[in-house]
1. In this structure, does Val154 turn out to be farther than 14 Å from Arg75 by Cα, in contact with a strand residue (DSSP E or B) (Cβ under 9 Å, 6 or more places away or on another chain), in a helix (DSSP H, G or I) and away from ligand 2 (no atom under 16 Å from the Cβ)?
2. Please give the number of the condition Lys323 fails out of (1) over 14 Å from Leu305 (Cβ atoms); (2) under 34 Å from the mean Cα position of the chain (by Cα); (3) of a type outside the set (A, V, I, L, M).
3. Can you confirm whether segment 206-229 contains a residue that is away from ligand 2 (no atom under 16 Å from the Cβ), within 26 Å of Thr114 (Cα to Cα), outside any helix (DSSP H, G or I) and not β-branched (Val, Ile, Thr)?
4. Enumerate the strands (runs of 3 or more DSSP E) found wholly within segment 1-77, keeping only those where 1 or more residues are open to solvent by 50 Å² or more (accessible area, probe 1.4 Å) and more than 19 Å from Lys89 (Cβ to Cβ).
5. Does Ala101 satisfy the criteria of being surrounded by 17 or more Cβ atoms within 10 Å (Cβ to Cβ), at pLDDT 95 or above and within 16 Å of ligand 2 (Cβ to nearest atom)?
6. From the list Glu27, Glu34, Glu44, which residue is within 14 Å of ligand 1 (Cβ to nearest atom), at pLDDT 95 or above and among the acidic types (Asp, Glu)?
7. Suppose we filter segment 342-363 for residues that are at pLDDT below 90 and either surrounded by 15 or more Cβ atoms within 10 Å (Cβ to Cβ) or polar (S, T, N, Q) (or both); how many remain?
8. So Ser297 fits all but one of (1) touching a His at 6+ places or on another chain (Cβ under 7 Å); (2) within 16 Å of ligand 2 (Cβ to nearest atom); (3) polar (S, T, N, Q); what number is the exception?
Amino acid sequence: MSDRLYIFDTTLRDGEQSPGATMNQNEKIRLARELENLGVDIMEAGFPAASQGDFEAVRKIAQTVKHTQVAGLCRAMAADIDRCWDAIKDAKHPRIHTFLATSPVHMEYKLRKTPEQVLEMTDAAVRHAAKYTSNIEFSAEDASRSDWDFLAKVAETAINAGATTINIPDTVGYAQPQEFGDMVRHVIEHTSNSHKAIFSVHCHNDLGLGVANTLAAINAGARQAEVTISGIGERAGNAALEELIMALRTRGDYYGIETNVKSEQLFPTCRLLSMIIGQPIPANKAIVGANAFAHESGIHQDGMLKNRETYEIMTPESVGREKTDLILGKHSGRNAIKGKTTELGYPLEDNELQIVFEAVKRLADKKEKVYDADIEAIILEEVYRIPD
Ligand code: KIV
Ligand code: ZN
């Protein structure tokens, strides 16, 4: 099995379904350029049949993007597929992504179709898409709550009709890592023509397991992962691209999987998205949050100053951030304070350092963070005693 994982970014489609994350056309194009720069293999630009605005944004993105594949989403019905193709046909590498639900609850209550009818609709939709392109992805919506053998039948039908990617979504974020991995393996093994397609997963984060489930599926043979920047998406969001990439990179020894993503672009891309949608990145967000490379505890700071590997499993530079942040506060030790004063350009004697150390502790009892400006003020007032 290949060790190359294709990254399918759906920030512009599923991500935009996140409440409050609506983007206008220019913002979408700016983000699309950034995604291309980041190195994703496929970007899902939108759902052309959803609205005229979505159609036009997808078309513009398809015309703008140079190398990355551009996918449009459509329901498994001819009119949607036609509209999708109209929007993406100018792309260098267009992809039709069509979907149909396969779980009992969706088939019975939402679609009001029998499993046999769903198989027929799958076949008809993919054959219709195949009139336009050979780059076709089929998604079995709510796959994680579907019967595993039925899923394999659906996958087989879609591949026979011309699908080249089969996506297994955990639409409602219900799956558990071990179980999801077993399911993906079962579907691949029981799809007789599975060698003709790439299997993909698309994991939602309702139980906070989006990335864990994606990793389990990769171990089971999935070779495309559908993700979003900063994990934005419907409800609690999707698996976060930056977390998946850094898990694969930091634990390359365990996964042995390559992607095309430039990890140094992760932070700038998350920042751009945050600016566009007007939503700050939470401080404790893995990889890109303000605290992700900040060390508060004195013991940790001391360890970091002796060897970064004591408390850092990846460098801030590797994700495009400037540097590790040793937050000076009530937990900081003398070594961290010495490091900071030296960094600020004040080489202090031991007795001077003691004065600063005690002043920092007093200040830290009154405010949460001690900033560089506070340290400078302490040095000037308490060590050098420079009057106003
Ligand atoms: O969550 C989901 O099932 C989807 C599909 C349309 C792929 O977003
Ligand atoms: Zn989704």
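The values are calculated or read from the model by the stated rules, or taken from the named source; none is laboratory data. Keep in mind that this is a model prediction, so the values were computed, not measured. Don't worry about glycine lacking a Cβ; one is built from the backbone with ideal geometry, like all the others, and counts go over all protein chains shown. Only protein heavy atoms, including side chains, enter the accessible area calculation; ligands, DNA and RNA are left aside. Shrake-Rupley method; radii C 1.70, N 1.55, O 1.52, S 1.80 Å.
1. Details: farther than 14 Å from Arg75 by Cα: yes; in contact with a strand residue (DSSP E or B) (Cβ under 9 Å, 6 or more places away or on another chain): yes; in a helix (DSSP H, G or I): yes; away from ligand 2 (no atom under 16 Å from the Cβ): yes.
Spelling it out, Val154 is indeed farther than 14 Å from Arg75 by Cα, in contact with a strand residue (DSSP E or B) (Cβ under 9 Å, 6 or more places away or on another chain), in a helix (DSSP H, G or I) and away from ligand 2 (no atom under 16 Å from the Cβ).
2. Failing condition for Lys323: (1).
3. no
4. Values: elements: 6-9, 42-46, 69-75.
Strands (runs of 3 or more DSSP E) meeting the threshold: 6-9.
5. On the way: surrounded by 17 or more Cβ atoms within 10 Å (Cβ to Cβ): yes; at pLDDT 95 or above: yes; within 16 Å of ligand 2 (Cβ to nearest atom): yes.
Judged against the criteria, Ala101 is a match.
6. Values: Glu27 fails: within 14 Å of ligand 1 (Cβ to nearest atom); Glu34 fails: within 14 Å of ligand 1 (Cβ to nearest atom).
Testing whether each residue is within 14 Å of ligand 1 (Cβ to nearest atom), at pLDDT 95 or above and among the acidic types (Asp, Glu) leaves just Glu44.
7. Qualifying residue count, segment 342-363: 3.
8. For Ser297, the exception is condition (2).
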